[in-house]
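For reference, the structure discussed in these notes is given below.
Read-outs throughout are calculated quantities, based only on the coordinates presented, and are distinct from any laboratory measurement. Keep in mind it's a predicted model, so treat the numbers as computed, not measured. Because the Cβ atoms are built from the backbone with ideal geometry, glycine has one as well, and the counts that use them run over all protein chains shown.
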Amino acid sequence: MSIKDYFVSLFKGIHSLIKGMEVTGKELVTPKVTEQYPENRATLKIPERFRATLTLIYDENGNHKCIACRTCERNCPNGTIHIDTRMVDLPGGKKKQKLDKYIYDLGSCTFCDLCVTTCPTHALEFSNDFEQAVFRREALVKQLNYLPEKDEPVAPAAPAAPAKPAAAAGQAAQPVSPKNEENNEKQE
Ligand code: SF4
Ligand code: SF4
């Protein structure tokens, strides 16, 4: 190695060292971002949009908007959602499928948000409650509708109809209602 090459190499090394020290020096005066968790739990700021766990949105009256359509269950790529439903009677004799249990397995969720974005009634959202560590895998399976499901509104009482004359002597007259009429027809 010539004297010239020696000094070129020496100055390159010193230049590189100064560059490195420049980065280190900047970090020395930059405010620290290390979080002292869990000591700072009370003041910890988690971004609003952080996806920690799926939740069913309840309003202040304890109602949610899930209509048990199963769209989220079908769209979930991991089979993370399981919905149990039951049929309920509606006023007017119709039936309706109603949510019974909304089961969510946090352990298999990849937080893709598909369930939230495809829900037609905007019944779901992700909470940013990140403290979800548990000791058993099964504890990650949660029922999201944690409040008792409310009953469907009952039909208003039908106005009292005039009593029919007794068909035979000794037979007591029964109040007539559309339901009784239907039952009578069935019996016939
Ligand atoms: S949460 Fe939404 S998409 Fe899922 S079953 Fe309920 S209404 Fe349908
Ligand atoms: S975020 Fe994605 S993986 Fe998680 S439950 Fe919703 S659809 Fe399934």
Can you work out ³J(HN,Hα) from phi for every residue in segment 3-15, in order, using Karplus 6.51 cos²θ - 1.76 cosθ + 1.60 and θ = phi - 60°, giving whole Hz and x for Gly and Pro?
4, 5, 4, 4, 6, 4, 5, 4, 5, 5, x, 5, 4
May I ask you to order 29-40, 135-146, 61-72 by the average number of other C-beta atoms within 10 Å around their residues, highest value first?
61-72, 135-146, 29-40
Show me the trypsin sites (Lys or Arg not before Pro) within segment 73-114 that DSSP assigns to loop and that have at most 15 other Cβ atoms within 10 Å of their Cβ.
94
Output wanted: per-residue J couplings in Hz (rounded whole) for segment 106-121, from phi through Karplus 6.51 cos²θ - 1.76 cosθ + 1.60, θ = phi - 60°, x for Gly and Pro.
4, x, 10, 7, 9, 6, 6, 6, 4, 4, 5, 6, 9, 5, x, 10
Length gained, residue 24-residue 149, 0.36 nm per residue minus C-alpha separation, equals 39.1 nm
Would you kindly derive the ³J(HN,Hα) couplings of segment 140-146 from the backbone phi angles with the Karplus curve 6.51 cos²θ - 1.76 cosθ + 1.60 (θ = phi - 60°), listing them in order in whole Hz, with x for Gly and Pro?
7, 8, 10, 9, 6, 8, 7
Sequence-distant or interchain residues sharing an amide H contact under 5 Å with residue 53, placed H: which?
127, 129
